[in-house]
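The values are calculated or read from the model by the stated rules, or taken from the named source; none is laboratory data. Because the structure is predicted, anything quoted here is derived from the model rather than measured. Note that each Cβ is placed from the backbone with ideal geometry, even for glycine, and that neighbours are counted across all protein chains shown. Each accessible area value is taken on the protein alone, full model and side chains, heavy atoms only, with ligands, DNA and RNA left out. Shrake-Rupley method; radii C 1.70, N 1.55, O 1.52, S 1.80 Å.
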Amino acid sequence: MTASNNQQTDFQALMRSLEAARGQSIHLTTAQLLTWTSGIFQRAGLSDKDATTMARTCVYPERDGAKSHGLFRVPNYLDALTAGNVNINPNITIVQETPSLLVVDADNGLAQPALQTVQTQLIQKTRETGLCALLLRRAYHIAALWMDVEPLAKQGFVALTCVNASSFVAPAPGASAVYGTNPMAFACPREGHEPLVFDQASSLRARGDVQLAALDGEAVPVGTGLNQKGEPTQDPKAILEGGTLLPFGGYKGASIAMMVEILAAALTGGQFSWEIERWNQPTPESASAGQFLLCIDPTVAGQTQFAHRIQELALKLLTSGQSRLPGDQRYTARALADKEGIEVDTELLLSWFERTDSGKHTSTTGR
């Protein structure tokens, strides 16, 4: 029996289990949830390989406790795929290349498969020259950014990445949206431990967190955003329905959002946040955004004890009173999920099945 047949058999077994537990919350292993989510993405038209990549994109954050970028994002992707707004068969092209640079056009496809396509070249160039800058344009990316850099740190690299998206963040001062939430993520190896990793938006709150607050009927912190009239509000629905988010730290966060806009849009040759089309569909974000990724090999720079020095820095931070380091909370949640499984709502998972069909979608052109 082929791997594909095995996966289909596992998917069907999960279908029976979910149907039997319909209306309840159950725990699945990471592998089981990956099998189910990959099968859903295949039903939405993705190839087996791309479906597996996108399943990891949504399941790993859920496993790590980052629910705003976990299973919550699956309907966003399904809406974009089934509406034909994302190219499911993109012609991913390296449009410019030097010993330490890759400029990649994703052809309005998903960012994660595009990154996978050029990862070998990225790693090879980094090892040969000491660094490589990857400039990705016309890509659909609404996932957690840490997944793009943590694997590189596990190979001993220092990695920094950032993306822009549809405008929803005002500058400081300002009352109308110019920037996307424009997140950035950083990772580096740490001796004897998992990599140091941070992933944060330029806005005080990520849009996904505001969406979850709206669904839960909870207020957001002061300074999160403005309503349609440009007035400060803690009502997440008022922010989402005609309002705007605000950068963290006032003008300092706005400066970081501007830097991300320059790196991810202007430098890649992509669209600025306010130029990205907002399609008439439930997904708040859209394709055609840009991503900047810088990968550095410390050993080429002569830093053969780099990971050891990072551990020294980490110990200094902890002894100074810092309670945890970037990434620790996710690693703790990851260990717990590996032990106890991931709690899921069977109705939610079955709703994905019901909104997709077994036939492959035929939309192959970008917009």
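Pull up the stretch 221-258, narrow it to residues that are of a type in the set (V, I, T) and buried (at least 17 other Cβ atoms within 10 Å of the Cβ), then point me to the one that is farthest from D199 (Cα to Cα).
Within the stretch 221-258, the match that is farthest from D199 (Cα to Cα) is T233.
Kindly check whether there is at least one residue in the stretch 62-73 that is among the charged types (D, E, K, R), assigned to a helix (DSSP H, G or I), at pLDDT 95 or above and under 26 Å from V163 (Cα atoms).
yes
Only residues in the stretch 347-367 that are among the acidic types (D, E) count as the first member; pair them with residues that are modelled with pLDDT of 50 or more and open to solvent by 80 Å² or more (accessible area, probe 1.4 Å), Cβ under 8 angstrom, at least 6 apart or cross-chain, and list the lot.
Every condition considered, the pairs that remain are E347/R22.
So how many residues does the stretch 102-115 have that are farther than 18 Å from A80 by Cβ and either at pLDDT below 95 or open to solvent by less than 10 Å² (accessible area, probe 1.4 Å) (or both)?
So the count comes out to 2.
Take the stretch 48-70 and flag every residue that is among the aliphatic types (A, V, I, L, M) and open to solvent by less than 10 Å² (accessible area, probe 1.4 Å).
Selection gives A51, M54, A55, V59.
Of the residues I142, I123, I92, I88, which is open to solvent by 20 Å² or more (accessible area, probe 1.4 Å) and farther than 20 Å from P298 by Cβ?
One residue alone meets the criteria, I92.
Does at least one position in the stretch 74-90 carry a residue that is charged (D, E, K, R), more than 16 Å from L294 (Cβ to Cβ) and assigned to a helix (DSSP H, G or I)?
Scanning the stretch 74-90, I find at least one residue that is charged (D, E, K, R), more than 16 Å from L294 (Cβ to Cβ) and assigned to a helix (DSSP H, G or I), so the answer is yes.
L46 passes all but one of (1) closer than 21 Å to C162 by Cβ; (2) not in a helix (DSSP H, G or I); which number fails?
Tallying (1) closer than 21 Å to C162 by Cβ; (2) not in a helix (DSSP H, G or I), L46 fails exactly one: (1).
Pairs please, first residue from the stretch 207-220 and surrounded by fewer than 19 Cβ atoms within 10 Å (Cβ to Cβ), second anywhere and part of a loop (DSSP other than H, G, I, E, B), Cβ atoms under 6 Å, 6+ apart in sequence or on different chains.
A219/Q234
Write out, first by first residue and then by second, each pair whose Cβ atoms fall under 6 Å of each other, whose residues are 6+ apart or on separate chains, and whose first residue, in the stretch 136-165, is modelled with pLDDT of 95 or more while the second is of a type in the set (F, W, Y) and part of a strand (DSSP E or B).
L160/F186; C162/F292
Go through (1) farther than 23 Å from M184 by Cα; (2) over 22 Å from the mean Cα position of the chain (by Cα); (3) open to solvent by less than 50 Å² (accessible area, probe 1.4 Å); (4) at pLDDT 95 or above for A337 and report which single condition fails.
Failing condition for A337: (2).
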